[in-house]
1. With respect to residue 27, determine if the residue is outside the structural domain of residue 146 (by the TED database), without any contact (Cβ under 8 Å) to a residue 40 or more places away in the chain and of a type in the set (Lys, Arg).
2. Take the conditions assigned by the TED database to the domain that holds residue 114, crowded, with 21+ Cβ neighbours inside 10 Å, within 19 Å of residue 115 (Cβ to Cβ) and modelled with pLDDT under 90 and apply them to residue 56. Does it pass?
3. If residue 79 passes every condition in (1) part of a helix (DSSP H, G or I); (2) hydrophobic (A, V, I, L, M, F, W, C); (3) crowded, with 17+ Cβ neighbours inside 10 Å but one, which one does it miss?
4. Could you say which residue among 17, 61 is free of Cβ contacts under 8 Å to residues at least 24 places away in the same chain and of a type in the set (A, V, I, L, M, F, W, C)?
5. From (1) surrounded by fewer than 20 Cβ atoms within 10 Å (Cβ to Cβ); (2) acidic (Asp, Glu); (3) within 27 Å of residue 174 (Cα to Cα), pick out the condition that doesn't hold for residue 42.
Amino acid sequence: MTSEQLLVIVEDDTAFARTLKRSFERREYSVVLASGLEEVQEILKTQSPHYAIVDLKLAGASGLTCVEALHAHDPEMLIVVLTGFASIATAVEAIKLGACHYLAKPSNSDDIEAAFSKAAGNAQIDLTARPTSIKTLEWERIHQMLVETDFNISETARRLGMHRRTLARKLEKRRVN
């Protein structure tokens, strides 16, 4: 990926958005964050992303409206929709509106990049070229569990098999409150 490959991440969960942003920046993407349709429209006034990652459930709105706006701006843009609430109906709707792929959460940056590569016509995807670091995998797993437990630290720590204080320290390092 060259540095001119612009990616927009539409995600209202700021911690998860920052995690994805860091991961894709390490893969040499230029990344812009948006939390909803209004921010997407502002970005599209000045920039033309090549790729987009859109969360299906945004605060007070559907990510499908963002997919529609992104696709209308550039029909060649590769758009991946992420959701924790996968259903066939929403997957079909997302594809009809212009998404190239639909992934159920938890999906990591390898899964998303593989979806972009597959949609771009590269059927042979070598994911071993850039293995995901253990720290990134750990953080993605912690974040997934936090979401599943409604950000209940004690329950998340219990499910992950670690002491509550250990989890709190890890979150403090990442500056997640």
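The values are calculated or read from the model by the stated rules, or taken from the named source; none is laboratory data. This structure is a prediction, so every number in the text was calculated from the model and none was measured. Positions of Cβ are generated from backbone atoms using ideal geometry, with glycine treated the same way; all protein chains shown enter the neighbour counts.
1. No; evaluated as a whole, the condition is false for this residue.
2. Here the answer is yes, as residue 56 does meet what is asked.
3. With respect to (1) part of a helix (DSSP H, G or I); (2) hydrophobic (A, V, I, L, M, F, W, C); (3) crowded, with 17+ Cβ neighbours inside 10 Å, residue 79 is out only on (1).
4. Residue meeting the stated conditions: 17.
5. (3)
Per-residue answers, yes or no, for (1) β-branched (Val, Ile, Thr); (2) in a helix (DSSP H, G or I); (3) at pLDDT 90 or above; (4) touching a strand residue (DSSP E or B) at 6+ places or on another chain (Cβ under 8 Å):
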{"position": "1", "(1), (2), (3), (4)": "no, no, no, no"}
{"position": "4", "(1), (2), (3), (4)": "no, no, no, yes"}
{"position": "8", "(1), (2), (3), (4)": "yes, no, yes, yes"}
{"position": "12", "(1), (2), (3), (4)": "no, no, no, yes"}
{"position": "22", "(1), (2), (3), (4)": "no, yes, yes, no"}
{"position": "25", "(1), (2), (3), (4)": "no, yes, yes, yes"}
{"position": "31", "(1), (2), (3), (4)": "yes, no, yes, yes"}
{"position": "40", "(1), (2), (3), (4)": "yes, yes, yes, yes"}
{"position": "45", "(1), (2), (3), (4)": "no, yes, yes, no"}
